[in-house]
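Student: Following this message is one structure expressed as structure tokens.
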Amino acid sequence: MPEQVHIDHAPWFTEDRFGMFVHWGLYSLAARHEWVKYREEISTAGYQKYFDHFDPDLYDPREWAAAAKKAGMKYVVLTTKHHDGFCLWDSALTDYKASNTPYGKDLLAPYVAALREAGLKVGFYHSVIDWHHPDFAIDGNHSERNNPAAAELNKTRDGAKYREYLHGQVRELLSNYGQIDYLFFDFSYPTVGGTASAGTKFPGKGRKDWGSEELMGMIRELQPGIVVNDRLDYPGDFVTPEQYQPAGAMFSGGKEVPWEACQTLNGSWGYDRDNLDYKSADLLVRMLIDGVSKGGNLLLNVGPTARGEIDSRAHDALDGMGEWMRVHSRSIYGAGAADALAPLDARYTRRGNRLYLHLFAWPFQFVHLPGLAGKVKYAQLLNDASEVAMMVLEPGQEAGHMTPAGQDAGTLTLKLPVQRPNVAVPVIELFLNDESDF
């Protein structure tokens, strides 16, 4: 059995496998992507209308927690501040915060309380980029990158002051809300600063700009049990492939590391009203299975509306995943990669002495499992615990009118019902004879 890669101080992370990402902020009013200020090069003055009208009167994080839990998610990660610099909490270090909008209150305290009440792990996202802060130097990832006065403005911007602000805000987040389980920073670009349309070239930003080593030291001191991602241009606890599914295990510094695929429902992280490119629940289930089969987690994003609700399209996707997880979660929680070759259009996950065969395509009558002959004592469909017949087709057996040809030595054959179970992805649970077999 392959050794599962864990985070020693937080084994829950690779046990839980499935979490919810939440992108929410002023961009939810624009409702056309969380990078709208950057994409449309909206000035600070032009963006102010969203601050002036931010009033999420339907915000109830208990409903978010309930939706996450129903979907089978075990942790939630909320954007405390995105690249536009707007803060969801009552920070003492800025006036650009939710408590100064028409809503007038800290949004993080009820979020943390709701997650704890629901038994979910508490996660914060925090952007190290800040298009609003007067000391954050303009670069190619800045909404003002094409401002003709960018070079002159940068002469007045003090990176040390911004670094102090960044560290101060992280200290607030990790000091004022009790135990925080997860921290997702976003993002570093030390070698790619970008070029403005006028040809101005900008340097990138990385660990020196953020003071990453000192920042990580403070984080470990304030929250020893927290898990931190890899986007400070400094080693973290796990790596974060975004908007793609890795081909297999992931490595950093020459060793295999825990990983988490960050995925959207429709290609946008923030609420995007007119974006209709939603992934089906069936596809999302396959993405979750595929990740766990390779030793990874899935952090699936929702972008609530400006009134604070998860919209119906997102609920439909989450509900569909939840229905599958309700009866198949033991092939996900605590499971990981298996050292066995899965048949075509299938994925294995393994937990202890149970091997789970996820069938992305339903074969007619037989499925052949190389290397498993003599290693499985019982097989059943996981959705209803109905027995699946097992047999070994000897290599020398010739195909006949009613009998299939033999298979390679060591192959276990399962005989399936003709009717595919009415679930997003059928799963066969295989009880192994000996946990140390492979």
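Student: When you go through (1) buried (at least 16 other Cβ atoms within 10 Å of the Cβ); (2) touching a residue at least 24 places away in the same chain (Cβ under 8 Å) one by one for Gly248, which number turns out not to apply?
Tutor: Gly248 satisfies all of (1) buried (at least 16 other Cβ atoms within 10 Å of the Cβ); (2) touching a residue at least 24 places away in the same chain (Cβ under 8 Å) except (1).
Student: Now for a separate question. Search the stretch 93-114 for residues being of a type in the set (Ser, Thr, Tyr) and out of contact with any Pro (no Cβ under 8 Å at 6 or more places or on another chain), and hand back the single one that is surrounded by the fewest Cβ atoms within 10 Å (Cβ to Cβ).
Tutor: Ser99
Student: So which of Val257, Val228 is within 22 Å of His23 (Cβ to Cβ) and open to solvent by less than 60 Å² (accessible area, probe 1.4 Å)?
Tutor: Val228
Student: Consider Leu283 carefully, then state whether it is open to solvent by 60 Å² or more (accessible area, probe 1.4 Å), within 17 Å of the chain's Cα centre (by Cα) and free of Cβ contacts under 8 Å to residues at least 12 places away in the same chain.
Tutor: So Leu283 fits the description; yes.
Student: Every residue in the stretch 260-280 that is surrounded by fewer than 12 Cβ atoms within 10 Å (Cβ to Cβ) and among the acidic types (Asp, Glu), please.
Tutor: Asp274, Asp277
Student: Ok, one more. When you check Glu117 against the structure, is it surrounded by fewer than 19 Cβ atoms within 10 Å (Cβ to Cβ) and free of Cβ contacts under 8 Å to residues at least 24 places away in the same chain, yes or no?
Tutor: no
Student: Going by the structure shown, is His83 in contact (Cβ under 8 Å) with a residue 40 or more places away in the chain, farther than 23 Å from Gly119 by Cβ and open to solvent by less than 10 Å² (accessible area, probe 1.4 Å)?
Tutor: Against the criterion (in contact (Cβ under 8 Å) with a residue 40 or more places away in the chain, farther than 23 Å from Gly119 by Cβ and open to solvent by less than 10 Å² (accessible area, probe 1.4 Å)), His83 qualifies.
Student: Among the listed residues Val418, Val376, Val427, Val392, which satisfies the condition of being surrounded by 12 or more Cβ atoms within 10 Å (Cβ to Cβ) and out of contact with any Leu (no Cβ under 6 Å at 6 or more places or on another chain)?
Tutor: Exactly one residue qualifies, and that residue is Val392.
Student: Now for a different question. Quickly run through the stretch 330-378 and pick out the residues that are over 15 Å from Gly291 (Cα atoms), touching an Asp or Glu at 6+ places or on another chain (Cβ under 7 Å) and outside any loop (DSSP other than H, G, I, E, B).
Tutor: Arg354
Student: Could you list all residues from the stretch 130-175 that are within 25 Å of the chain's Cα centre (by Cα) and part of a loop (DSSP other than H, G, I, E, B)?
Tutor: Asp130, Trp131, Asn141, His142
Student: Tell me, which residue of the stretch 167-214 that is β-branched (Val, Ile, Thr), touching a residue at least 40 places away in the same chain (Cβ under 8 Å) and open to solvent by 70 Å² or more (accessible area, probe 1.4 Å) is nearest to Leu115 (Cα to Cα)?
Tutor: My answer is Val192.
Student: If you don't mind, another one. Looking only at the stretch 120-139, count how many residues are open to solvent by 10 Å² or more (accessible area, probe 1.4 Å) and either in contact with a strand residue (DSSP E or B) (Cβ under 8 Å, 6 or more places away or on another chain) or within 23 Å of Glu40 (Cβ to Cβ) (or both).
Tutor: Count: 6.
The values are calculated or read from the model by the stated rules, or taken from the named source; none is laboratory data. Just so you know, these numbers come straight off a predicted model, no measurement behind them. In this analysis, Cβ positions are derived from the backbone assuming ideal geometry, glycine residues included, and neighbour counts consider all displayed protein chains. Protein only, heavy atoms only, side chains kept; ligands, DNA and RNA dropped before computing areas. Shrake-Rupley method; radii C 1.70, N 1.55, O 1.52, S 1.80 Å.
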